Structure formats: structure tokens, C-alpha cells
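The values are calculated or read from the model by the stated rules, or taken from the named source; none is laboratory data. Please read all numbers here as calculations on a predicted model, not as lab measurements. Note: ideal-geometry Cβ built from the backbone for every residue, glycine included; neighbour counts use all protein chains shown. Quick note on the areas: whole protein, heavy atoms, side chains included, nothing else; ligands and nucleic acids left out. Shrake-Rupley method; radii C 1.70, N 1.55, O 1.52, S 1.80 Å.
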Amino acid sequence: MIIPAYNEAERIGETIRALAQIRSKLQDLGLCLCIYVIDDGSTDQTRSICQSCGADRVLYHHVNHGVGAAVRTGFAAARADGADIVVKFDADLQHDPEDILNLIQPILSDEADLVYGNRFDQIEYRMPLLRLAGNVFFTRLMKWLTKWPLKDSQPGILAASKAYVDVFRIPGDYNYTQQILIDAYHKGMRFAHCPVKFRKRVTGKSFITLKYPFKVILQILVIIAGLKPMRIFAPVGLASFLLGSSIFCYEVFLWMINESHRPVAHVNAVLGLLLFGIQTLFFGIIAELTIQSQKK
């Protein structure tokens with residue numbers, strides 16, 4: 001169990017105690033509960049409360065890096081300790097620990113490697129319109145990129161099998177949910193959804209702000225470029241090459257019908273677009289070949 005936490009002193013103790021209550025039910029399934037809290041540079045009493053409330057490990061970032069970095073640290077620690085299943089759980093107790101028992105079932109039955117909670121069938125409050133719109137947009141984007149039947153791409157609760165945890169890659173420090181989806185999809189993992197309860201936050205502050213969409217899009221592009229470079233570089237390179245070619249043909253046409261005194265009026269722009277397009281395509285091809293060779 002990994003719990004990223006940043007200034008969650010008001011409720012992190014209650015969260016740890018609530019998770020500890022399902023320990024015996026997990027033991028009935030043959031699982032041992034280990035609670036790892038990743039204190040992402042908190043300036044309050046989060047770390048000391050975790051230690052006094054029974055967390056098995058408290059990992060600490062000296063400065064706040066972001067929830068993606070905290071999840072990465074948690075996954076890496078669980079992998080090093082040989083965890084069979086890793087569950088990511090929010091520190092603010094918006095989710096119900098009892099849902100973990102259903103969340104891990106597809107992994108236990110070898111039907112999935114990654115299970116995301118679906119909040120929208122059992123949500124207990126009206127989500128703000130801006131957050132709802134953002135979730136719908138990114139869920140549809142992730143559904144298009146992964147071809148998985150996604151209903152909720154940004155839950156605070158998810159489970160991952162050892163097969164995925166052993167090979168996971170979360171390069172960005174922010175939007176871990178989308179990064180994990182894309183990474184797992186391109187590594188051939190199996191996906192499943194599980195309905196989960198979702199309560200209104202009563203303490204702390206959400207990390208989602210108006211800057212969130214811009215950070216998310218950038219990190220999605222970064223992870224796609226690292227996994228499937230041609231999906232990024234090919235469209236950019238082709239667009240640049242075709243734009244340069246179009247300008248060249250149009251200006252030659254104007255010259256041929258005596259509408260221009262020069263065959264190509266904007267030589268630097270045309271050459272720049274053509275060269276950028278060709279170089280981008282070649283860079284994408286080299287990156288793709290490099291990645292493919294590393295997989296062998």
C-alpha cells in the first residue's frame with residue numbers, strides 16, 4: 001500500500017488506521033498488508049504522525065516534487081521489497097479502504113495487471129464542473145490512446161500487479177494516473193475497472209489547479225515520445241515538410257504566372273521547414289530503432 005502525502009497531518013493518521021482495519025481480511029486472501037507513506041516534502045507534522053500511527057515505512061522527499069514523484073518513489077520501494085500487488089491510496093480518505101478488497105480481485109484471479117477505481121457510479125457528492133469536465137476530457141483522451149474501456153482515468157485508488165511494478169516507468173513528477181495508463185498499455189499489460197466509493201474532501205487541498213491540463217498534456221507527450229517516438233515525431237515532421245513543400249509549390253506557381261518576381265520569395269522559411277521536417281522524421285526513426293533494440 002503506497003500513500004503519497006503532502007501536508008496531510010489533519011487526516012493521515014485516520015487514513016493509516018482505517019487501512020489497518022482491513023489487514024485481517026487481506027490475510028484471509030493470503031496477503032500481508034504493508035503501508036508505505038511517501039512524505040513529499042511536507043512542512044507540517046505528516047511524517048511524525050505516520051510513524052506514530054503504524055505506517056510500516058515512511059519515505060521522505062526533502063522538498064515537494066509532486067504526486068507523480070511520490071508515486072514513483074512508492075512503486076520503486078515496493079518493487080525493491082518484492083511486493084506482489086501495489087495499491088495506491090489517497091492520504092485524505094476520500095476512498096473507502098474496503099474497496100481495496102474488490103480492487104485487487106482481477107489481479108488475484110490473473111485477469112488484469114492494472115486496475116483503476118471508477119468513482120462515478122458511487123460518488124457521494126457533486127464534483128465541481130471544472131474538475132468533472134477535465135476528467136471527462138482526459139478520460140476520453142486516454143481511452144483513445146490506449147483503446148481500453150476507460151470510465152475514469154484519474155482516480156486516487158489503483159492497483160498494480162508485480163508484472164507491471166517490475167517494469168513501470170513514471171518519468172514525470174505530476175500526473176501519474178495518465179502516465180501509468182500509457183506506460184502499462186505500451187508494455188502489453190491488461191486493464192480492468194472496479195467501482196469504488198468517493199467522498200468529498202474534508203481536509204487538505206487538492207493538487208489540481210488551472211495549470212493541471214497544461215502540465216498533463218506536456219507529460220503525456222513526453223511519455224509517448226519515450227515509448228512510441230514516431231507517434232510524436234512523424235506527425236510533426238510530416239506537417240513541417242508538407243507546409244514547406246506547399247509554400248514552395250505555391251510561390252513557384254505565382255512566379256510561373258508572372259505574379260511574382262522570384263521563383264521562391266521566402267527561401268529561408270521554405271528551407272527551414274523542409275530541413276526541420278526531414279530532421280524530425282529521421283530523429284523519430286532513430287529513436288524508434290533505439291527503443292526497439294533495447295527491448296530485444
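Note on H266 and H62: with the Förster distance fixed at 51 Å, the Cβ-Cβ geometry gives a FRET efficiency of about 0.45. Within the chain, the selection of entire DSSP H helices by a Cα span of 30 Å or greater along the long axis and an average Kyte-Doolittle value of at least 1.0 returns 229-256, 267-295.
Considering only protein heavy atoms and a probe of 1.4 Å, how much of the accessible area of the chain is carbon and sulfur, as a whole percent? In the chain, the share of accessible area belonging to carbon and sulfur is 60 percent.
Between the labelled values (i) 1.24; (ii) 1.08; (iii) 1.03, the entry that holds Cα Rg over 2.2 N^0.38 Å as derived from this structure is (i). Backbone phi angles across the stretch 150-164, fed through the Karplus curve with coefficients 6.51, -1.76 and 1.60 (θ = phi - 60°), yield HN-Hα couplings of 6, 10, 8, 9, 9, x, x, 10, 8, 10, 9, 7, 4, 4, 7 Hz in residue order; Gly and Pro are listed as x. Amide H to amide H distances under 5 Å link N118 with C194, V196, where only residues 5 or more positions off or on other chains count and H is placed in the peptide plane.
Note on the chain: antiparallel DSSP beta bridges, both residues inside, total approximately 30 percent of the bridges counted.
Peptides 254-261, 169-176, 76-83, ordered by how many other C-beta atoms sit within 10 Å of their residues on average, highest first, read 169-176, 76-83, 254-261.
Sequence-ordered 3J(HN,Hα) estimates for the stretch 33-48 from the Karplus curve with 6.51, -1.76 and 1.60 and θ = phi - 60° stand at 7, 10, 9, 10, 9, 10, 7, 8, x, 4, 10, 9, 8, 3, 5, 5 Hz, glycine and proline given as x. Summarising the amide proton neighbourhood of S153: residues at separation of 5 or more, or on other chains, whose placed amide H is nearer than 5 Å comprise T139. Does anything in the stretch 8-26 have its amide N under 17 Å from the 7 Å Cα→Cβ label point of C53, and if so which residues? Answer for the stretch 8-26: 8-23. Past 21 Å, Cα to Cα: identify those pairs from K88/K151; K151/K197; K25/K88; K162/K187; K151/K228, in the order given. With Cα atoms farther than 21 Å apart: K151/K228.
With a sphere of radius 11 Å drawn around the Cβ of E14, what net charge do the other residues whose Cβ falls strictly inside it have (Lys, Arg +1; Asp, Glu -1)? Local net charge: -1. Peptides 60-70, 177-187 ranked from most to least packed by the mean count of surrounding Cβ atoms within 10 Å: 177-187, 60-70. Projected label points at Q45 and K143, each 7 Å from Cα along the beta carbon direction, are separated by 4.5 nanometres. With all protein chains kept in place, the per residue accessible area of the chain amounts to 51 square angstrom at a probe of 1.4 angstrom. Taken one residue at a time, the phi angles of the stretch 94-100 give Karplus couplings (6.51, -1.76, 1.60, θ = phi - 60°) of 6, 9, 9, x, 4, 5, 4 Hz. Gly and Pro are set to x. Compute the FRET efficiency between F283 and W255 as 1/(1 + (r/R0)^6), taking r as their Cβ-Cβ distance and R0 = 41 Å, and round to the nearest 0.05. Efficiency computed from Cβ-Cβ geometry: 0.80.
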